[in-house]
1. Given A:L293, A:L349, A:L341, which one is surrounded by 13 or more Cβ atoms within 10 Å (Cβ to Cβ), in contact with a strand residue (DSSP E or B) (Cβ under 7 Å, 6 or more places away or on another chain) and of a type in the set (A, V, I, L, M)?
2. Please state which one of A:A368, A:A439, A:A399, A:A386 is out of contact with any Pro (no Cβ under 9 Å at 6 or more places or on another chain), among the small types (G, A, S), more than 9 Å from RNA strand B (Cβ to nearest atom) and within 28 Å of A:L324 (Cα to Cα).
3. Out of everything in the stretch A:74-130 that is over 17 Å from A:R148 (Cα atoms), within 13 Å of RNA strand B (Cβ to nearest atom) and basic (K, R), what residue ends up being modelled with the highest pLDDT?
4. Take the residues of the stretch A:253-285 that are in a loop (DSSP other than H, G, I, E, B), touching a residue at least 60 places away in the same chain (Cβ under 8 Å) and near RNA strand B (Cβ under 9 Å from one of its atoms): which is surrounded by the most Cβ atoms within 10 Å (Cβ to Cβ)?
5. Since A:P184 meets every condition but one in (1) near RNA strand B (Cβ under 8 Å from one of its atoms); (2) open to solvent by 20 Å² or more (accessible area, probe 1.4 Å); (3) in contact with a strand residue (DSSP E or B) (Cβ under 7 Å, 6 or more places away or on another chain); (4) farther than 27 Å from A:R25 by Cβ, which condition does it not meet?
6. Please specify each residue of the stretch A:271-297 satisfying the condition of being more than 16 Å from the chain's Cα centre (by Cα) and β-branched (V, I, T).
7. Being within 9 Å of RNA strand B (Cβ to nearest atom) and out of contact with any Cys (no Cβ under 7 Å at 6 or more places or on another chain) narrows it down to one of A:L218, A:L250, A:L234, so name that one.
8. Checking A:W31 against (1) within 15 Å of A:W67 (Cα to Cα); (2) touching a helix residue (DSSP H, G or I) at 6+ places or on another chain (Cβ under 8 Å), which single condition isn't satisfied?
Amino acid sequence: MTDIAKPVLRFAPSPTGMLHIGGARTALFNWLFARHTGGKFLLRIEDTDRERSTPEAVAAIINGLKWLELDWDGEIVFQAARAGRHREVAEQLLASGNAYRCYATAAELDEMRAAQRAAGKPLRYDGRWRDRDPLEAPEGVPFVVRLRAPQTGETIIHDVVQGDVRFANEQMDDMVLLRSDGTPTYMLAVVVDDFDMGITHIIRGDDHLNNAARQMQLIKAMGWPEVIYGHVPLIHGPDGAKLSKRHGALAVEAYRDMGYLPETMRNYLLRLGWSHGNDEIIPTPQAIEWFNLENIGKSPARLDFKKLDNTNAHYLRETADMALADRVAAILAQATPPRTLSQTARERLIKAMPSLKERARTLVELAAAAEFLFSDGPRSLDEAAAKLLTEAAKASMGAFLATLADTEWTAHALEDKARVFAEQNGLKLGQVAQPLRAALTGHTTSPPIFAMLEVLGRDESLSRLRAYAI
RNA sequence: GCUCCCAUCGUCUAGCGGUUAGGACGCGGCCCUCUCAAGGCUGAAACACCGGUUCAAUUCCGGUUGGGAGCGCCA
């Protein structure tokens, strides 16, 4: 296969905000398709809006993609740097008669739209300069360059997700290509850059579907090859409304801080709008093998944190103990105030990790559940634990501790002792285990108690237990 | 207002004319069990509505309703 036959994809965010969940999914789909086909995945920053674009947002996008482990090919293209080339194309269009100068002022156009609105007519440029004799052009007055778009017939987008979408040309107006200050608009820049970058497939949000028709008109005016479009439905918030800052439209880094793993995000986002039969757990290598454009869904999806949690719990269990300990340490370091783990705490964390990770849905939960491992000495009891440690329970615990003198301090041996003790005293194992748990951890729930006794070691365990035993 | 898109359990989805409409998350029950999880079994839960087309519609077509997006010298 030659390079010509390889798809070239791109992710082209505008750096006016954070990389949110919708953008992340768009990036993921493009990336997966490129990796699946052996094509390329390029990154282009659409920073032509110099007023709203910020370096911070550029950094956020890059950091977000890096965290998600979506690597791009080649150098990042900054759209603003290509303004010269965009202008050059506009000049070509002007020369070929496919574009024209429009001298209408902003105020004039506002008035036009107001009138259209009042008359209940569609809001669009009325083409007042389209056929006007250039000789009538006012002297020294700024002008914009507009595309001389076809006014009859229709523009059809053969969308791989939505199917054929038809737009009557008469309902589209002549879009601005160059602003009156000579800078290119988004519409021009996108089409020119996609052509120059050799983009073959454009997978992007549904919100661009209408734009696709206009971009297609431009592509045709230039005689360039048509790209293949795939417009993915947008992701809605849990309440079905558009994603807002209040729910879901968080920077992907917020998901990192909430304790989700990047592999979780890739799996969850993939399933939000793409399917492979009944498969739910699809690790990235498998996703690369399976991904296609045909199975992208057509209807919008909502974010469901419960399912995200479940997916994360799965990947947590699959992750190596050491790696998880590092992630937990990173979460703790991000906390306010920042915390660092002592060497002892880290060793305990790693030893307890097998039973800890089986019980957590997020790294944050995991860190909280491991809290009792991080410092030494008797625990303060939470309400339920205090209630559980009755005088009788304390006495029973004291009696049990007295039987441990020569016991090997392993989970197995300790559990054996507890079972024998329970049987001899007519107790259930739980009646012995729960007071131990309360005294050892300060809580009524924890990973298996005998394993935790082993993790903490004889001295530390006894110090905690004796604080409550009678 | 105009244009475009969408519509299967609460949520994510499978389905591509004939199925007891399947799976997953969540929820209920049971089992397991030192707690909590995990795991196993199990229950409740959906084709928005109305017309066509067809021997037969969740599936194809049209409309209605309901969501969403766009309509800038923003991207």
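The values are calculated or read from the model by the stated rules, or taken from the named source; none is laboratory data. Keep in mind that this is a model prediction, so the values were computed, not measured. Note that we place each Cβ from the backbone using ideal geometry, even for glycine, and neighbour counts take in every protein chain shown. Just so you know, the surface numbers come from the protein's heavy atoms only, side chains and all, with ligands and any DNA or RNA stripped out. Shrake-Rupley method; radii C 1.70, N 1.55, O 1.52, S 1.80 Å.
1. On the way: A:L349 fails: in contact with a strand residue (DSSP E or B) (Cβ under 7 Å, 6 or more places away or on another chain); A:L341 fails: in contact with a strand residue (DSSP E or B) (Cβ under 7 Å, 6 or more places away or on another chain).
Going through A:L293, A:L349, A:L341 in turn, the sole match is A:L293.
2. On the way: A:A439 fails: out of contact with any Pro (no Cβ under 9 Å at 6 or more places or on another chain); A:A399 fails: within 28 Å of A:L324 (Cα to Cα); A:A386 fails: within 28 Å of A:L324 (Cα to Cα).
The conditions single out A:A368.
3. Going through the qualifying residues, I end up with A:R82.
4. Taking the stretch A:253-285 and keeping what is in a loop (DSSP other than H, G, I, E, B), we get A:258-261, A:272-273, A:275-283.
Remaining after also requiring touching a residue at least 60 places away in the same chain (Cβ under 8 Å): A:258-261, A:272-273.
Next cut, near RNA strand B (Cβ under 9 Å from one of its atoms) only: A:272-273.
On the way: A:L272: 23, A:G273: 21.
Across the stretch A:253-285, the extreme among qualifying residues is A:L272.
5. Of (1) near RNA strand B (Cβ under 8 Å from one of its atoms); (2) open to solvent by 20 Å² or more (accessible area, probe 1.4 Å); (3) in contact with a strand residue (DSSP E or B) (Cβ under 7 Å, 6 or more places away or on another chain); (4) farther than 27 Å from A:R25 by Cβ, only one is false for A:P184: (2).
6. A:I281, A:I282, A:I288, A:I296
7. Numbers: A:L218 fails: within 9 Å of RNA strand B (Cβ to nearest atom); A:L250 fails: within 9 Å of RNA strand B (Cβ to nearest atom).
Sole residue among the options that is within 9 Å of RNA strand B (Cβ to nearest atom) and out of contact with any Cys (no Cβ under 7 Å at 6 or more places or on another chain): A:L234.
8. (2)
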